[in-house]
Amino acid sequence: MKLQLSSVLLVVAGFLVSCSTAAITAEEFQEKTELGFHLLSLAEGADPVWKTEEETDELISQSVNFFDLTYTYTPADSNARVAAAEVQAAAVNAYAAPSHQAELRPIIAQVSLTMTQNYLNNLTALNNRYYKAASGQAASVWIRDTIANIIRTYPASGASVDLYPHSWTQNSIVAKIPGKTAGPVTILGSHMDSIGTGSVATSRAPGADDDGSGSVNLIESFRVLLQAGFKPTTPVEFHWYAGEEAGLLGSQAIATKYKQTAVEVKGMLQLDMTAYVKPGTTPVVGLMPDYTDANLTSFVGALVDAYTSLKWVINAKCGYGCSDHASWNAKGYPTALPFEGLFSNINPKIHTSGDTTAVAGFSWTHTLEYTKIAAVFAYELAI
């Protein structure tokens, strides 16, 4: 999760935007990228700016929200502005009410605390999961191998998993459960990378909540669906993104590719931070209102009501480019993000060495509810 800008950082971002240029030629793009510059979008509709590697890392360490367009921009584009959302052809405008309680209740009853703890312990044992670090790639390989083992246990599913390569060190991961038809794809996403304070490449960043929690929600929901013999009508994909903290890198690459190849998406659910309940507050699901689809968000609220013990609320705005759902929203795909609570009650230890399961407020019970949300989202949309 990328934090909203503070007033100080807004001033910094405003200065950076003022240094931008509207037109980027192919020659300029090649020259700048060969010198190691990054092309950043810091605000919706604003012109992008060029920043050095060091300046980009400094923005990352300060939790400034941005899209890093360096790896997805093509000079043929008229400009590199990130608009609110493109119009998706054949967009889904309505979602049916949840109707598979009889089938799903036995499935979500199989969600395992022990398995979830094991998954998260493996991820947090790494020094960090930074997208340019060897430990970041180790996280990718571990998740890929874990999903592959689940698939081997339930081969009748026909599921598959692959590393999604990028030009940086860490790969994203895409796991697919085939449908009976080619129909629109249901996507569930999280980001596997983490960052700490100071030197982001080497600092300790266990990332238990941000976003180890969402990552293990997806692993466990994938497991219980395959265990139950889930055979969707339309395809379902589970994504673990690289480089979210560095400008939504992995999700931008994949969303851009899907848009270019005209992949239809029924709905995209992003799980980013699901395990923290501020001590003294009532646990709730906070549905993000910005850079999301109102109809899909209402559908997720209905899933919370039907399948969990939690209440839901509409959250405060998450902010520009705050998580990977924004990459899909920018390409015109419907998205939703159920957050761990009110944004004002956010885990204060994220992006530090203290983002562990030992922090006061970390709740295994709470995060397991999001595993249920993921499983029923996939089933209800794709069955």
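FYI, it's all coordinate maths here, none of it is from the lab. Bear in mind the structure is a predicted one, so any value in this text is a computation, not a measurement. Cβ placement follows ideal geometry from the backbone for every residue including glycine, while neighbour counts extend to all protein chains displayed.
What is the calculated FRET efficiency for A148 to A23, with r their C-beta to C-beta distance and R₀ = 41 Å, to the nearest 0.05?
According to the calculation, E is roughly 0.35.
Note on E58 and S112: their simple-model spin labels are 4.8 nm apart, each label 7 Å out from Cα toward Cβ. Sorting the segments 313-319, 129-135, 46-52 by their mean number of nearby beta carbons within 10 angstrom, highest to lowest, gives 129-135, 46-52, 313-319. Think of each Lys and Arg Cβ as +1 and each Asp and Glu Cβ as -1; about the Cα centre, that makes the dipole of the chain roughly 1160 debye. To the nearest ten degrees, helix 7-18 and the longest principal axis of the Cα atoms of the chain are 60 degrees apart. Computed over the alpha-carbon pairs of region 219-364, the distance histogram in 5 Å steps reads 2, 9, 16, 20, 21, 18, 10, 4, 1, 0 percent, short to long. For the chain, modelled as a GNM whose springs connect Cα atoms under 10 angstrom apart, the maximal fluctuation among G321, G341, G361 occurs at G361.
Residue exposure proxy: V376, V111, ordered by other Cβ atoms within 10 angstrom of their Cβ from fewest to most, comes out as V111, V376. Region 331-383 and region 90-167 have their alpha-carbon centroids 14 Å apart.
The label point for L342 and the one for A156, both projected 7 Å from the Cα toward the Cβ, are 4.8 nm apart.
With the charge dipole of the chain set up from +1 on Lys and Arg Cβ and -1 on Asp and Glu Cβ about the Cα centre, the Cα lying farthest toward the positive end among the listed residues H366, L69, T233 is that of T233.
Listed by chain and number, the lysines placed with their C-alpha closer than 24 angstrom to that of K132 are K2, K32, K51, K257, K349; residues fewer than eight positions away on the same chain are left out.
Summarised in one figure, the compactness ratio Rg/Rh of the chain, Cα atoms and Kirkwood Rh, is 0.95. In terms of its alpha-carbon gyration tensor, region 225-291 comes out oblate; a/c meets the 1.5 threshold, while b/c is at least as large as a/b. Taking the chain as a Gaussian network of alpha-carbon nodes connected by springs under 10 Å, the highest mean-square fluctuation of the residues G198, G250, G189 belongs to G198. Within the listed set A139, A360, A175, the Gaussian network model of the chain (springs between alpha-carbon atoms below 10 Å) gives the highest mean-square fluctuation for A360. Overall, the anisotropy analysis places region 29-71 in the oblate class: the square-rooted eigenvalues a ≥ b ≥ c of its C-alpha gyration tensor yield a/c not less than 1.5, with a/b not exceeding b/c. Counted residue by residue at 0.36 nm each, then reduced by the alpha carbon distance between them, the extension gain from K231 to N121 reaches 36.6 nm. Converting phi to 3J(HN,Hα) with the Karplus coefficients 6.51, -1.76 and 1.60 and the offset θ = phi - 60°, region 287-292 yields 7, 6, x, 10, 6, 9 Hz in sequence order, with x at every glycine or proline.
For a quick check: sort H100, H325, H351 by the number of other beta carbons within 10 angstrom, fewest at the front. So the ranking, lowest neighbour count to highest, is H100, H351, H325.
A straight chain from S167 to E103 at 0.36 nm per residue would run longer than the Cα-Cα distance by 18.8 nm. Dividing the summed helix terms, -39500 (n - 2.57) for each DSSP H run of n ≥ 4, by the number of residues in the chain produces a 222 nm estimate of -11000 deg cm²/dmol to the nearest 500.
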